[in-house]
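Inspection log for the structure reproduced underneath, given as structure tokens.
The values are calculated or read from the model by the stated rules, or taken from the named source; none is laboratory data. These figures come from a predicted structure and were not determined experimentally. Heads up, the Cβs are rebuilt from the backbone with ideal geometry, glycines too, and the neighbour counts pull from every protein chain shown.
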Amino acid sequence: MKKIYFLLCFVTISTFASSTDTIAVFSASVKSNFKKYVSLSNKAYTTKNYEKAESLFDSLVENSLKGTHFDDFSFKRLGKSRIQLSAIDKPILLVTYSSWCIMGKGEIPALNQIAKEYKDKMQIVVVFWNKKSEMKKIARNFDSDIMVCYANDTEQKDLKAISFLKRTFGFPTSYLIDENMELVDIQKNFVKPENKVNMKKSLDFYYNKFNSGLTSLIVNDGFDTTRMAGN
């Protein structure tokens, strides 16, 4: 099995978690379960048991986080006003990055293609853990159908999202959220070595990586799940 390396940032979560009478809240579930996960995961990585580390992450998501009510985080948009996730009336693919992370050459084109194909069915939101000045250049590469946002430690309104997303699951990471703000899945976006991979292969790789998770986000007869790499 190929080794997959994730960029993870493990710290103590200090932000308070909200609660609801009807469904567990994402941040509360993270706060309750993440400390144990980090302990076990760190042991797995220390012994280079990457398969175990991956299974621990999958177990955390499957048993503790899926089905929780995703917090109504807000983010600053490039050139526009701040947006609350609850204001988006479609399923959301939330992808987090940082400007200094090296993206695959086909990663942004793949997201742009998916955004165009399914713009009436879902909304892609890309969040950079950066200041505006640090992400403006790369943000220009995203299609206008993608909502490009940013968040950083200097903004009080960003601190909760930073605590429960950036400082827990690291980046790049994808969060699939349905139209009722229920968390459908979390996927770590592993980096694939691409030194000799051409644009077509890279585009197909990332298209299928993102597209594979969308079948659980959108139930629609017109949703395309048949495109495979190389087609």
Query raised in the report: Has the stretch 35-56 got at least one residue that is in contact (Cβ under 8 Å) with a residue 60 or more places away in the chain and touching a helix residue (DSSP H, G or I) at 6+ places or on another chain (Cβ under 8 Å)?
Result: no
Query raised in the report: Can you find even one residue in the stretch 48-55 that is part of a loop (DSSP other than H, G, I, E, B), of a type outside the set (Gly, Ala, Ser), outside the structural domain of Glu179 (by TED's automatic domain parsing) and modelled with pLDDT under 95?
Result: yes
Query raised in the report: Does at least one position in the stretch 36-53 carry a residue that is within 17 Å of the chain's Cα centre (by Cα) and surrounded by 15 or more Cβ atoms within 10 Å (Cβ to Cβ)?
Result: no
Query raised in the report: Given the conditions (1) outside any loop (DSSP other than H, G, I, E, B); (2) assigned by TED's automatic domain parsing to the domain that holds Ser133; (3) closer than 25 Å to Asp158 by Cα, and given that Asp89 satisfies all but one, which numbered condition is not satisfied?
Result: (1)
Query - Phe169 being more than 25 Å from Gly104 (Cβ to Cβ), buried (at least 21 other Cβ atoms within 10 Å of the Cβ) and among the hydrophobic types (A, V, I, L, M, F, W, C) - result: no
Requested in this report: Could you check how many residues of the stretch 7-32 are at pLDDT 90 or above, more than 19 Å from the chain's Cα centre (by Cα) and of a type outside the set (A, V, I, L, M, F, W, C)?
Outcome: 1
Report task. Of all residues in the stretch 147-162, count the ones that are touching a helix residue (DSSP H, G or I) at 6+ places or on another chain (Cβ under 8 Å), more than 12 Å from Phe128 (Cβ to Cβ) and either touching a residue at least 12 places away in the same chain (Cβ under 8 Å) or in a helix (DSSP H, G or I) (or both). Result -> 1
